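Chemist: One structure coming up, written as structure tokens, with questions to follow.
The values are calculated or read from the model by the stated rules, or taken from the named source; none is laboratory data. What you are looking at is a predicted structure, and each value in this text was computed from that prediction instead of being measured. Counting neighbours? That spans all protein chains shown, and the Cβs are built from the backbone with ideal geometry, glycine included. Side chains are part of the model used for accessible areas, which takes the heavy atoms of the whole protein and leaves out ligands, DNA and RNA. Shrake-Rupley method; radii C 1.70, N 1.55, O 1.52, S 1.80 Å.
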Amino acid sequence: MLSEEQIQSLFVFCKKHFVHHYDVQNELVDHLANAIEEKMAADKKLTFEKALEIVYAGFGYKGFAGIVQERSITLKDKCTKMQKNIFKSYFTWPKAIKTFCLFLVLISTYRFLDTYTQAIIICVFFMVLAIFEVVISVRENYFRKKQLKRLMITDMGTVSSIFNVSSFVQMFVFLNDPIYVFEKALNNYGFLGYCVFMIVLLLLLLVVLSYRNLINKVRTVAKKEYPLAFEIAA
């Protein structure tokens, strides 16, 4: 059984070999500790340092890089799948009722507005959604900086949005006159065009909300699994 001092030295060893995330360090330290104990049990003359050297050599010339990359891909895929499930939940009972009601509220504004005003509202909605997404990311980045230890799971939770609304808005920046483009489309397609725009806006809103809920869910899981990383975090 390794001593607490030896365990802590393994954390230092992982950090020196470019493993900066505490959750990944935990996994590696567990693996290293078990492998070292087996080596030392098989050879009583083997020192801790020599056993560590042998075990680390088993990772190959890439060292821990392969493990870190594999963990990163796995977590990103997991977070993306979580967000997709959250997004899909808005179309299942009973949330589907709220989603449908929100859509009805959006399209009900059609009869009260002229096409130019409708085009302005659509542009404003896009901008508001983009700002909302940016605020969520900035806020989460602030909380991550207050963590005592960096976690890959919270890093991946922040960057794993299945859709980037701000990028969608940036696309309209390249349009000469987005309001004119929207107004022309509304004039050509009338109520049908307005419904299509509102459906797109509704879907983007649900994506942003699922992104926010993903971050909250990931943070809850991280706090439960790695409480030391949040000891004095807000």
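Chemist: Could you tell me what percent of the accessible area of the stretch 145-234 is made up of carbon and sulfur, with a 1.4 Å probe and every protein chain present? Don't skip to the answer; put the middle values down first.
Modeler: Values: 3050 of 4890 Å².
For the stretch 145-234, the apolar C and S fraction of the accessible surface comes to 62 percent.
Chemist: Tell me, what is the FRET efficiency for Lys84 and Val124 to the nearest 0.05, using R0 = 22 angstrom and their Cβ-Cβ distance as r?
Modeler: With a Förster radius of 22 Å, E is 0.20.
Chemist: What accessible area per residue comes out for the stretch 68-216, rounded to a whole number of Å², with a 1.4 Å probe? Don't skip to the answer; put the middle values down first.
Modeler: Details: 8740 Å² over 149 residues.
Value for the stretch 68-216: 59 Å² per residue.
Chemist: Checking the table Lys15/Lys149; Lys88/Lys217; Lys15/Lys45; Lys16/Lys62; Lys16/Lys149 against a 19 Å threshold on Cα-Cα, which pairs fail? All intermediate terms of the calculation are to be shown ahead of the outcome.
Modeler: Values: Lys15/Lys149 12 Å; Lys88/Lys217 16 Å; Lys15/Lys45 27 Å; Lys16/Lys62 14 Å; Lys16/Lys149 15 Å.
Where the Cα-Cα span goes over 19 Å, the pairs concerned are Lys15/Lys45.
Chemist: Could you list, bin by bin from short to long, the percent of Cα-Cα pairs of the chain in 5 Å steps?
Modeler: The percentages, shortest bin first, are 1, 6, 11, 12, 12, 11, 10, 8, 7, 6, 5, 4, 3, 2, 1, 1, 0, 0.
Chemist: For a quick check: with amide H placed at 1.01 Å from N, whose amide H comes under 5 Å from Gln147's, ignoring anything fewer than 5 positions away on the same chain?
Modeler: Here nothing satisfies the definition.
Chemist: Now, a different point. Which ³J(HN,Hα) values, rounded to whole Hz and listed in residue order, are derived for the stretch 179-186 from phi using the Karplus coefficients 6.51, -1.76 and 1.60 in 6.51 cos²θ - 1.76 cosθ + 1.60 with θ = phi - 60°, glycine and proline given as x?
Modeler: Along the stretch 179-186, the couplings run 5, 5, 4, 5, 4, 4, 5, 5 Hz.
Chemist: Express in Å², to the nearest 10, the accessible area of Tyr110 obtained by rolling a 1.4 Å probe over the protein heavy atoms while all chains stay in place.
Modeler: Number for this one is 70 Å².
Chemist: By how many nm would the segment from Ser167 to Lys95 grow when fully extended, if each residue of separation counts as 0.36 nm and the alpha-carbon distance is taken off?
Modeler: Details: separation 72, 0.36 × 72 = 25.92 nm, distance 2.73 nm.
Using 0.36 nm per residue and subtracting the Cα-Cα distance, I get 23.2 nm.
Chemist: Just to check I understand the Karplus step: with θ = phi - 60° and J = 6.51 cos²θ - 1.76 cosθ + 1.60, what whole-Hz values come out for the stretch 137-149, glycine and proline as x?
Modeler: 5, 5, 5, 5, 4, 4, 5, 5, 5, 8, 5, 6, 10
Chemist: Computing the accessible area with a 1.4 Å probe over protein heavy atoms, can you report the carbon and sulfur percentage for the stretch 1-138?
Modeler: Details: 5740 of 8870 Å².
Whole-percent figure for carbon plus sulfur exposure: 65.
Chemist: If you plug each phi of the stretch 29-35 into the Karplus form 6.51 cos²θ - 1.76 cosθ + 1.60 with θ = phi - 60°, what whole-Hz ³J(HN,Hα) values come out, in order, with x for Gly and Pro?
Modeler: Per-residue couplings from phi come out as 4, 4, 5, 4, 4, 5, 5 Hz.
Chemist: Using 7 Å Cα-to-Cβ label points, what is the Ala65/Thr220 separation (nm, one decimal)?
Modeler: It is 3.9 nm.
Chemist: Given points 7 Å out from each Cα along the Cα-Cβ axis, report the Lys15 to Thr47 separation in nanometres with one decimal.
Modeler: Label at Lys15, label at Thr47, 2.3 nm between them.
Chemist: I'd like the orientation of helix 48-57 relative to the chain: the angle between its Cα long axis and the longest Cα principal axis, in ° from 0 to 90, rounded to 10.
Modeler: Between helix and principal axis, roughly 50 degrees.
Chemist: Distance between Cα centroids, the stretch 47-110 to the stretch 1-31: provide it in whole Å.
Modeler: Here the answer is 24 Å between Cα centres.
Chemist: To the nearest 10 square angstrom, how much accessible area does Phe132 have with a 1.4 angstrom probe?
Modeler: 70
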